[in-house]
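Student: Can you keep this structure in mind? I'll have questions shortly.
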C-alpha cells in the first residue's frame, strides 16, 4: 500500500499543475502557499496539513472546473473532507469540511471581508449559498474547531500569488505521514 504522502503526491502530480479555478496559480501552487502560511504562523501539524489539502476536493471531483463554469457547486469541501477523514481523521478533515462555510461566515460577519475576495472566490460564494444568515452564523460560531476553519479560510484567500516561491511538496512528507492514520491496523 502506498503511503499517505505518496497518495497526496500522486494527486498533485496528476492534477496539481491544472489552473486553480479562475485564479492565476495552479492547484499545487495554491496548496503550497496555503500550507506555507500555516507553517510560518506556527500552526499545529494538523492545521498545516489541512491547509495543504484544503482544496484537494477540486482534484477529486470530476470536472470541477466545468461545474464552476456551469454555475454548479461541486462541493469540493465535502469531497476533500471525506477523502482526508479516511486518511487523517477529523483534526485535518474538519477545517477542510468547513472552509467554505468559513467564507460565508466571514462575508456575513465582516462587511470589509468581501472586498478581499478574488473574482473567482466571489463567483463561488454565490454558488455556495452566499453570506450566512444570523442563525447559520450562530450555529457555525459554536462548532468545535470554528477558529481553525476561519484561519484556514484566511490563508486560503492569501494563497493566490503568481510566482511566489515556497517550499516544495516533498518538504511536507514527514508532516503528512505524522498526521496520517494507521490504515493498516
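Computed from the coordinates by the stated procedures, all read-outs in this text should not be read as laboratory data. Keep in mind it's a predicted model, so treat the numbers as computed, not measured. Please note: Cβ atoms are built from the backbone with ideal geometry, for glycine as well, and neighbour counts cover all protein chains shown.
Student: Report the residue, chosen from 100, 92, 166, that carries the largest GNM mean-square fluctuation when the chain is represented by alpha-carbon nodes joined by springs under 10 Å.
Tutor: Checking each option, the largest mean-square fluctuation is seen for 166.
Student: So for 83, 98, fewest C-beta neighbours within 10 Å to most, what's the order?
Tutor: 83, 98
Student: When the Kirkwood hydrodynamic radius is evaluated over all pairs of different C-alpha atoms of the range 115-185, what value in angstrom, to one decimal, is obtained?
Tutor: Kirkwood hydrodynamic radius for the range 115-185: 15.7 Å.
Student: Right, something else. What length, rounded to one decimal in nm, is gained on full extension from residue 112 through to residue 135, with 0.36 nm per residue of separation minus their alpha-carbon distance?
Tutor: Taking residue 112 through residue 135 to full extension adds about 6.2 nm, to one decimal.
Student: Just subtract the alpha-carbon distance of residue 78 and residue 15 from 0.36 nm times their residue separation and send over the number in nm, one decimal.
Tutor: That works out to 20.8 nm of additional length.
Student: Run the Debye formula on the Cα coordinates of the chain, all scatterers equal and no solvent, and tell me log10 I(q)/I(0) at q = 0.08, 0.13, 0.18 1/Å.
Tutor: With one equal scatterer per Cα and no solvent, log10 I(q)/I(0) is -0.23, -0.62, -1.23.
Student: Given the rule -39500 (n - 2.57) for each run of at least 4 DSSP H residues, summed and divided by the residues of the chain, what is its mean residue ellipticity at 222 nm, to the nearest 500 deg cm²/dmol?
Tutor: Dividing the helical sum by the residues of the chain leaves -18500 deg cm²/dmol.
Student: Starting with the fewest neighbours, write out 137, 132 ranked by other beta-carbon atoms found within 10 Å of each beta-carbon.
Tutor: In order of increasing Cβ crowding within 10 Å: 137, 132.
Student: For the range 155-185, list residues with backbone N below 17 Å from a point placed 7 Å from the Cα of residue 40 toward its Cβ?
Tutor: 155-169, 171-172
Student: Mind checking the full-extension length gain between residue 127 and residue 86? Use 0.36 nm per residue of separation minus the Cα-Cα distance, one decimal, nm.
Tutor: Contour length minus Cα-Cα distance gives 12.1 nm.
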